[in-house]
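The values are calculated or read from the model by the stated rules, or taken from the named source; none is laboratory data. Because the structure is predicted, anything quoted here is derived from the model rather than measured. Because the Cβ atoms are built from the backbone with ideal geometry, glycine has one as well, and the counts that use them run over all protein chains shown.
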Amino acid sequence: MNSEEVTFTLNGKPARAGIDGAETLVDSLRGSCGVAGVRVGCRNGDCGSCTAMVDDECVKTCLMLAGRARGSEIVTLEGLGTLDRPHPVQIAFMEQYAFQCGFCLPGMVFSTISLLARIPHPDETEIRDALSGNLCRCTGYANIVKAVQRAATMVAAGDHKDF
């Protein structure tokens, strides 16, 4: 296959990746860019472990061709917060013990961010609906729902920056 170069912004910094025409964004991010915060699970959009924000939209990167990311702004877990200053959704997930192995974390976190941008005070049904595209094999989802509720409270209280 012919290889082409795609440039985009990754976690606030310019990035470039050499891609083949049918390469997915998850493969480009992991391979060319060395990003581990997008995971390869199902490769068909069912599990959510490959989720990132692309131009402020929650995207399952296993379903997006890398070439479509040209010129886009991409944020992965690595670009969401820092160890010293985690994002409020990350804090809420830690406080509520909402994950065990962490494989599902990209989908859960970015789905939560996307939900709270649309619905600042979601009820449990709206939370479960927003998270329905993500698979967690470790938990019963109860603590994940509590984490989303906690994140909503934190965001409403202004415990965030640039959310």
Going by the structure shown, is Ala98 outside the structural domain of Leu25 (by TED's automatic domain parsing) and without any contact (Cβ under 8 Å) to a residue 60 or more places away in the chain?
-> yes
Can you name the number of the only condition in (1) of a type outside the set (S, T, N, Q); (2) at pLDDT 95 or above; (3) assigned to a loop (DSSP other than H, G, I, E, B); (4) outside the structural domain of Thr9 (by TED's automatic domain parsing) that Met108 fails?
-> (3)
Look through Cys58, Cys47, Cys62 and report the one residue that is within 22 Å of Ser111 (Cβ to Cβ) and free of Cβ contacts under 8 Å to residues at least 40 places away in the same chain.
-> Cys62
Conditions (1) crowded, with 16+ Cβ neighbours inside 10 Å; (2) within 17 Å of Ser111 (Cα to Cα): number failed by Ser28 = (2)
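Within the range 126-147, which residues are touching a Gly at 6+ places or on another chain (Cβ under 7 Å) and not aliphatic (A, V, I, L, M)? Before you say what the answer is, go through the steps one by one.
In the first step, residues of the range 126-147 are kept if they are touching a Gly at 6+ places or on another chain (Cβ under 7 Å); the result is 133-135.
Selection gives Gly133, Asn134.
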Scanning the range 106-129 for residues that are over 11 Å from the mean Cα position of the chain (by Cα) and crowded, with 21+ Cβ neighbours inside 10 Å, the one farthest from Glu57 (Cα to Cα) turns out to be Ile127
Could you count how many residues in the range 66-105 are assigned to a strand (DSSP E or B) and crowded, with 17+ Cβ neighbours inside 10 Å?
-> 2
Quick one: is Ala36 closer than 23 Å to Ala152 by Cβ and either at pLDDT 95 or above or in a loop (DSSP other than H, G, I, E, B) (or both)?
-> no
